[in-house]
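Chemist: Let me begin by handing over the structure; questions about it come next.
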Amino acid sequence: MSHWGAFAADVDASGEVTAVRPDALDPAPSPLLGNFVGALRHPLRVAAPMVRRGWWERGPGPDVGRGTEEFIAVGWDEVLDRLAAELLRVYSGPGPEAVFGGSYGWSSPGRFHHAQSQVHRFLNSLGGYVRSLNTYSVGTSEVVLPRIFGRRADLLRQLTAWPLIAAHTELLVCFGGIPAKNLAVAPGGVTEHRSVGHLAEMVRRGGEVVLAGPDRADHPAGLPARWLPLRPGTDVALMLALCRVLVAEGLHDARFLATHCAGADEALGYLDGSTDGVEKSPRWAEGICGVPADTIVALAREMAARHTMVAVSWSLQRAEHGEQPVWAGVLLAALLGRMGLPGAGFGHGYGSMADIGVPVNGVGPPTLPQLVNPVRTAIPVARIADMLLSPGAPYTYNGERRRYPYVELVYWSGGNPFHHHQDLARLRRAFRAVSTVVVHEPYWTATARHADVVLPATVTLERDDIGAVRTDPYLTAMHRHAQPFAQARDDYAIFSDLAERLGAGKAFTEGRDADGWLRHIYEQWRRRYGAAPDFDSFWRTGRVALDPSPPQAFLADFRADPAAHPLATPSGRIELHSATIAGYGLADCPGHPAWLEPGEWHGAARAAAYPLVLLANNPSARLHSQLDFGPHSAASKVAGREPLRMHPDDAAARGLAEGDLVRVFNDRGACLAGLRVSADLLPGVVQMSTGAWFSPVDDPGGAPVLCTAGNVNVLTPDVGSSGFSQGCAGSRALVEVQRWEGDVPPVASAGPPPVRGG
Ligand code: PGD
């Protein structure tokens, strides 16, 4: 199992993958599977435990050598002894509040060898750690949605299921589109890729799709969609104007507002301008989002007349004021009044992952228990650089006033912050400010290169595991295919040995080896699930088919009887205005959906210097940064760098042509890219995917850093989505693009860093 599909692999005598065959059950396998070929014995594997020379020779402490200094290969016993001593120093001195173990990242699938569960269990066995809250994927919605709909278990997973869209939806209005690339992946895996098939079925039945967004490619190729070109970051203006037309023309469902919603007066007062003097009219919106006023009026009427689903992509909330497009989408769907009916209402993330809109299994998958974390301190996940650079500083989050802890030791296993975080020059400064950085990694990622201690981890094909996801209708036996590469060890084995040295061996392992744990967590699950074969039969047959839950419409019970099934909000209803949020008094997140210009846009000088809006979104040729060196990802590169897509008019204005090597830059950083000219983008908009491996050098143009591989996160802003949610705001940035002149610097991240010894 992989995050991008189930497969079988051919492995040759050297232990290398030579071919990959998608699982026969998968109706639409992902080409990302091709990235596995050559990945097991690749020169970028970490072959032995490595330590940064400065840390090994001078001991822990802030160090500008982190990320540039050479590594020394050392033996397992030596490194684990030194690391155990450092953990002991921190735990017995400043204590567990000085250990950051959030360790965000997708790592690999498999329920037992799940790297994040492993590191959390290990740190808990020592006394706990500072956690991180929410995700980079959907961190803003995770905070604001419970205030709108109340806290129901796993709110983001209870969307109206795809089969109901296929069967009932007449008009699917997608803000941010339904990009097929995202539908290839799901954390933990996906056996059957079915989302695009459901969408195709809806279209065959006569349903129509409207794609509102700046990039026409955000829709599965070959399926029809009406494109409503929209300036990036202005969806809220369009949504509010659609709402205004519905109300002004009496097309809204006043009864649904009265029986199922709270705060309609405040929201409607904002729409007609009675609260701020600005009517959110189609003409007003046209000036902001670029969609003609008469198109907005016609679309509002059509949405009222047809069985309409308002779909908002996750990328819209991965931005400054990211709460607003989500909340405005809810307001629009509430005015249409069909929430809770099959195939209509509000949806969030249909194009964001393969497991969204898939019914959740009644019984959760097997898991590795993480023990108890006695440390209460936690930070919003995307605020890591703020925490490391400003210990003790105050900040707001979810209505609370908090302070950042004083962290000395950072422990990461299964994630790549030098891929997923924003403003990487700033993150570099942050990583250099702490005493010790420990990373478990199979590969020489940028995060490994910025560590003091790098411990080589195995990958899924080198170990036995169980593939299982809440939404997948199968439990999969993940059989080992190859011996571990060089000195790589399982995260579990590394943590077991460290725990043993620190007197926590028994607490961490409970006396089981990895095989013992697989059997244990499977049998625990079997007890909860009921009718499933014993472990040995499961392991032999390779798969257990589960009984999936029937597809459901989001809020169906609440629609039918709001008194019997109230939402866990202060009003028991959908909150179109939240007095609680209004009470926080935050200028960047008022009490109802509102149009707020992103800070990135402010200032004429900045806009003149960086006139292009960059969409920095998830890639189509790999998952995040994983296996960027794989054949499928490598084939997507242009001029050996990550591609940058640009409208022909913008290319012509800069004298650029297809295939040119270009420098993309702003005041945070610069990166090289290979130019692709595309009329699918709105003029003034460029697009570049995340995930190229950070390869920093000095920038001759004077930016704080130049990434020669094309890591787009050198350009994105490291600010919270708002003082309310503090989510990742990395999906957009202002930039300029110019032809690269002079010598072409190499991509150092394509090979391992300098290592002495070993
Ligand atoms: P991955 O590349 O998946 O990225 O960020 P995330 O950190 O999850 O990193 C996982 C790492 O785990 C890889 O380096 C892999 O080699 C390692 N690994 C795999 N298996 C194992 C294992 O068994 N053990 C150990 N120790 N390591 C392992 C993803 C994040 O990026 C996400 S989810 C989103 S949605 C965000 N999206 C955007 C965006 O849209 N725009 C911008 N600008 N930035 C983003 N960043 C976020």
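Chemist: Looking at the square roots a ≥ b ≥ c of the eigenvalues of the Cα gyration tensor of segment 288-349, which shape do they give, rounded for a/c under 1.5, prolate if a/b is larger than b/c, or oblate?
Modeler: Because a/c hits 1.5 or more and a/b fails to exceed b/c, segment 288-349 counts as oblate.
Chemist: In addition: Using square roots of five times the C-alpha gyration tensor eigenvalues, list the equivalent-ellipsoid semi-axes of segment 391-506 in whole Å, biggest first.
Modeler: For segment 391-506, the semi-axes come out at 31, 20, 17 Å.
Chemist: May I pose another question? Using a simple spin-label model with points 7 Å from Cα along the Cα→Cβ vector, what separation in nm is obtained for E201 and R756?
Modeler: Roughly 6.3 nm, to one decimal.
Chemist: Which whole-percent values make up P(r) of segment 487-600 when all C-alpha to C-alpha distances are grouped in 10 Å steps starting at zero?
Modeler: So the P(r) values, bin by bin, are 10, 19, 16, 15, 27, 13, 0.
Chemist: Sorted by mean Cβ packing within 10 Å, highest first, what order do the peptides 372-382, 334-344 take?
Modeler: Going by the mean number of other Cβ atoms within 10 Å, highest first, we get 334-344, 372-382.
Chemist: Quick one: compute the contact order of the chain, relative version, from alpha carbon pairs under 8 angstrom and 6+ residues apart, as a percent.
Modeler: Relative CO of the chain lands at 20 percent.
Chemist: So how compact is segment 1-111: Cα radius of gyration and Dmax in angstrom?
Modeler: For segment 1-111, the Cα-based Rg and Dmax read 19.9, 56 Å.
Chemist: Moving on to the next point. In Å, what is the Rg of the alpha-carbon atoms in the chain, and how long is Dmax?
Modeler: Taking only Cα atoms of the chain, I get Rg and Dmax of 25.5, 76 Å.
Chemist: Amide H to amide H under 5 Å from G723: which residues, 5+ apart in sequence or cross-chain, H placed 1.01 Å off N in plane?
Modeler: D588
Chemist: Give me the extension gain from R429 to R89: residue separation times 0.36 nm, minus the current Cα-Cα distance, reported in nm with one decimal.
Modeler: 120.0 nm
Chemist: Could you tell me how far the Cα centroid of segment 400-479 sits from the Cα centroid of segment 654-679, in Å?
Modeler: So the separation of the two Cα centres works out to 30 Å.
Chemist: Estimate the FRET efficiency between A608 and A679 by the formula 1/(1 + (r/R0)^6), using the beta-carbon distance for r and 35 Å for R0, to the nearest 0.05. Display every interim value, and only then the final one.
Modeler: On the way: r = 25 Å, r/R0 = 0.73.
E between A608 and A679, to the nearest 0.05, is 0.85.
Chemist: Name all residues of segment 157-198 having a backbone nitrogen under 18 Å from the label point set 7 Å from the Cα of V363 along its Cα→Cβ direction, giving them as ranges.
Modeler: none
Chemist: How large is the convex hull of the Cα atoms of segment 470-513 per residue, expressed in Å³ as a whole number?
Modeler: 123
Chemist: Between M478 and residues 5 or more places away or on another chain, which pairs have amide H atoms under 5 Å apart, with H built 1.01 Å from N, and which residues are they?
Modeler: D465, I466, G467
Chemist: First measure r as the distance between the Cβ atoms of A652 and A298, then evaluate 1/(1 + (r/R0)^6) with R0 = 35 Å and state the FRET efficiency to the nearest 0.05.
Modeler: For R0 = 35 Å, the calculated efficiency reads 0.60.
Chemist: Still on this structure, please answer the following. When N counts the residues of segment 171-229, how does its alpha-carbon radius of gyration compare numerically with 2.2 N^0.38 Å, as a ratio?
Modeler: My calculation over the Cα atoms of segment 171-229 gives 1.14.
Chemist: May I ask for the angle, rounded to the nearest 10°, between helix 293-305 and the longest principal axis of the chain, with both axes built from Cα atoms and the value confined to 0 to 90°?
Modeler: 90
Chemist: Continuing with this model, one more query. Spelling out what I want: for every residue of segment 714-725, take phi, set θ = phi - 60°, compute 6.51 cos²θ - 1.76 cosθ + 1.60 (Karplus), and round to whole Hz; glycine and proline get x.
Modeler: For segment 714-725, the Karplus curve yields 6, 9, 7, x, 9, 10, x, 4, 5, x, 8, 8 Hz.
Chemist: Starting from one equal scatterer on each C-alpha and no solvent at all, send me the Debye-based log10 I(q)/I(0) for segment 59-144 at q = 0.21, 0.22, 0.24 Å⁻¹, two decimals.
Modeler: Reported log10 I(q)/I(0), two decimals: -1.24, -1.26, -1.27.
Chemist: Using modelled amide H (1.01 Å from N, peptide plane; none on Pro or chain starts), what sits under 5 Å from the amide H of S413, excluding residues fewer than 5 places away?
Modeler: The answer is H440.
Chemist: Here's something else I'd like to know. Mind jotting down the distance between the C-alpha centroids of segment 278-302 and segment 70-99, whole Å?
Modeler: Segment 70-99 and segment 278-302 have Cα centres spaced 59 Å from each other.
Chemist: Now, a different point. So what are segment 306-461's ellipsoid semi-axes, whole angstrom, largest first, if each one is the square root of 5 times an eigenvalue of the alpha-carbon gyration tensor?
Modeler: They are 36, 22, 16 Å, listed from largest to smallest.
Chemist: If all Cα-Cα distances of segment 240-304 are sorted into 5 Å bins from 0 onward, what percent lands in each bin, rounded to whole numbers?
Modeler: Each 5 Å bin holds this share of Cα pairs: 4, 19, 26, 24, 18, 8, 2, 0.
Chemist: Where does the longest stretch of the chain lie that holds no GluC sites (Glu not before Pro) found in a DSSP loop with 15 or fewer other Cβ atoms within 10 Å?
Modeler: 250-509
Values quoted throughout were computed directly from the atomic coordinates according to the rules given, and no laboratory measurement underlies them. Keep in mind the model is a prediction, meaning the values are calculated, not measured. Here the Cβ is made from the backbone with ideal geometry for all residues, glycine too, and neighbour counts use every protein chain on show.
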